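Student: Take a look at the following structure, please.
Taken together, the values in this text are just the output of simple stated rules run on the coordinates, not laboratory data. Please read these numbers as outputs of a predicted model, since none were measured by experiment. Glycine gets a Cβ as well: all are built from the backbone with ideal geometry, and neighbour counts include every protein chain shown.
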Amino acid sequence: MKGKCIILKNCRKKRVRRYDDAGNYIGNQTYLRNLYEKTHGPIDEPEMVVVQGCGNEDCHNPDHLILKSLSDHFRDIVVALDPPVGEKNPNAKLTDEIVLRLRALKKKGRLQRGDISRYARQYGVHKHTMQKAVNGQYWNHIQI
Ligand SMILES: [Zn+2]
């Protein structure tokens with residue numbers, strides 16, 4: 001994103017009244033869509049929505065405004081409300097199986113000093129991440 005965010009609280013919710021050349025009221029428009037059209041030109045596709053590409057909902061820097069299809073926008077909202085956990089997270093390096101196996105070893109007292117660090121290195125995660133996964137602070141959606 002070019003430049004810093006320019007904050008205007010609740011700018012997503014603001015609307016502006018629009019008038020034609022003769023001064024007749026022709027309905028309102030969201031503030032961000034109005035700002036986008038003023039700075040980037042008219043939006044031809046009615047199915048496109050204007051969102052902040054920087055992810056800051058209070059930002060109204062015109063350079064941070066991007067067009068997104070309605071379906072992409074709704075998908076992003078759903079992901080934000082219900083982020084993928086565990087294996088469903090595309091960035092996950094651990095799997096349910098690894099976590100369950102290590103928890104089982106711990107339960108049986110067969111997880112030796114240094115094992116956590118070794119497994120962390122093996123699976124490419126930080127030892128604290130592995131420790132929390134084994135202790136159930138992370139990956140708490142799965143239980144033995
Ligand atoms: Zn921004």
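Student: Which value, in debye to the nearest 20, gives the size of the charge dipole of the chain about its Cα centre, when Lys and Arg are +1 and Asp and Glu are -1 at the Cβ?
Tutor: I would put it at about 1300 debye.
Student: Fewest to most neighbouring Cβ within 10 Å: what's the order for Met130, Met1?
Tutor: Placing the least packed residue first, the sequence is Met1, Met130.
Student: Between their Cα atoms, which of Lys14/Lys38; Lys4/Lys68; Lys14/Lys88; Lys2/Lys68 are more than 25 Å away from each other?
Tutor: Working: Lys14/Lys38 16 Å; Lys4/Lys68 21 Å; Lys14/Lys88 36 Å; Lys2/Lys68 18 Å.
Over 25 Å apart, Cα to Cα: Lys14/Lys88.
Student: Quick one: order Ser117, Ser71 by neighbouring beta-carbon count within 10 Å, fewest to most.
Tutor: Ser71, Ser117
Student: Provide the gained length on full extension for the span Leu81 to His128, in nm with one decimal, where the gain is 0.36 nm per separating residue minus the Cα-Cα distance.
Tutor: 14.3 nm
Student: Another question about this same structure. Report the charge-dipole magnitude of the range 15-81 in Debye, nearest 20, computed about the Cα centre from +1 at each Lys and Arg Cβ and -1 at each Asp and Glu Cβ.
Tutor: Computed charge dipole of the range 15-81: roughly 200 debye.
Student: Please report the relative contact order for the range 5-128, taking Cα pairs under 8 Å with a sequence separation of at least 6, and give it as a percent rounded to a whole number.
Tutor: Dividing the mean separation by the residue count of the range 5-128 yields 18 percent.
Student: Something else about it: List the DSSP H helices in the chain whose Cα atoms stretch 15 Å or more along the helix axis and whose mean Kyte-Doolittle hydropathy is at least -0.5.
Tutor: Membrane-span-like by this criterion, though nothing is claimed about a membrane: 70-81, 96-107.
Student: Just need the Rg to Rh number for the chain, please, alpha carbons only, Kirkwood Rh.
Tutor: The Rg/Rh ratio comes out at 1.25.
Student: Which ordering of His141, His64 is given by a fewest-first count of other beta-carbon atoms within 10 Å?
Tutor: Ordered from fewest to most neighbouring Cβ atoms within 10 Å, His141, His64 come out as His141, His64.
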